[in-house]
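Enquirer: Okay, here's the structure, questions in a sec.
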Amino acid sequence: PVLGLIENMAGYCCPECGEESDPFGSGGAEAAAAELGVAFLGRLPLSASLRAESDAGRPPAAGEGPAAEAFRQLARAVLARLEA
């Protein structure tokens, strides 16, 4: 069974100006989850720091900042689904 869907590369915050955008659109995974009747677990941002930490072998979820918080929120959503 499918536990739920996660929207990857969801939202981008420009490190230079702070402007937020959705270069790949937004809401597709949430709509697909509703259509499939499965849980929508959350979103992971498109982030240069997330990519750099991952490539360096440092789990972004173990750090601080927006990417780490996104992973913590997803972990909470997964745990809630497992406990349901």
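The values are calculated or read from the model by the stated rules, or taken from the named source; none is laboratory data. All values reported here derive from a predicted model rather than from experimental measurement. Reconstructed Cβ throughout: ideal geometry from the backbone, glycine too, with neighbour counts over all protein chains shown. The accessibility values were calculated without ligands, DNA or RNA, using every heavy atom of the protein model including side chains. Shrake-Rupley method; radii C 1.70, N 1.55, O 1.52, S 1.80 Å.
Enquirer: Looking only at the range 35-49, decide whether some residue is at pLDDT below 90 and over 12 Å from the mean Cα position of the chain (by Cα).
Expert: Yes, the range 35-49 has at least one match.
Enquirer: Provide a single number: the residues in the range 55-84 that are loosely packed, with under 14 Cβ neighbours inside 10 Å, of a type in the set (Gly, Ala, Ser) and at negative phi.
Expert: The number of residues fulfilling the criteria is 5.
Enquirer: Right, something else. Out of the range 15-26, which residues are modelled with pLDDT under 90, open to solvent by less than 70 Å² (accessible area, probe 1.4 Å) and under 17 Å from the mean Cα position of the chain (by Cα)?
Expert: Across the range 15-26, the qualifying residue is only Gly25.
Enquirer: So for the range 68-82 (the condition being charged (D, E, K, R), part of a loop (DSSP other than H, G, I, E, B) and more than 12 Å from the chain's Cα centre (by Cα)), does at least one residue qualify? Before the answer, list the steps.
Expert: Keep residues of the range 68-82 that are charged (D, E, K, R), which gives 69, 72, 76, 81.
If we keep only those that are part of a loop (DSSP other than H, G, I, E, B) as well, we get none.
No, because not a single residue in the range 68-82 is charged (D, E, K, R), part of a loop (DSSP other than H, G, I, E, B) and more than 12 Å from the chain's Cα centre (by Cα).
Enquirer: Can you name the residue in the range 27-53 that is open to solvent by less than 80 Å² (accessible area, probe 1.4 Å) and assigned to a strand (DSSP E or B) and is also farthest from Leu79 (Cα to Cα) among such residues?
Expert: Ranking the candidates gives Leu46 first.
Enquirer: Then there's this: Looking at (1) free of Cβ contacts under 8 Å to residues at least 12 places away in the same chain; (2) touching a strand residue (DSSP E or B) at 6+ places or on another chain (Cβ under 9 Å); (3) more than 23 Å from Leu82 (Cβ to Cβ), find the lone condition where Pro23 falls short.
Expert: Here Pro23 meets the rest and fails (1).
Enquirer: Taking the range 1-14 as the search range and keeping residues that are in a strand (DSSP E or B) and of a type outside the set (Phe, Trp, Tyr), which one is modelled with the lowest pLDDT?
Expert: The initial filter retains those residues of the range 1-14 that are in a strand (DSSP E or B), namely 4-7, 12-13.
Imposing the further condition that a residue be of a type outside the set (Phe, Trp, Tyr) reduces the set to 4-7, 13.
Details: Gly4: 95, Leu5: 96, Ile6: 95, Glu7: 94, Cys13: 85.
So the residue we want is Cys13.
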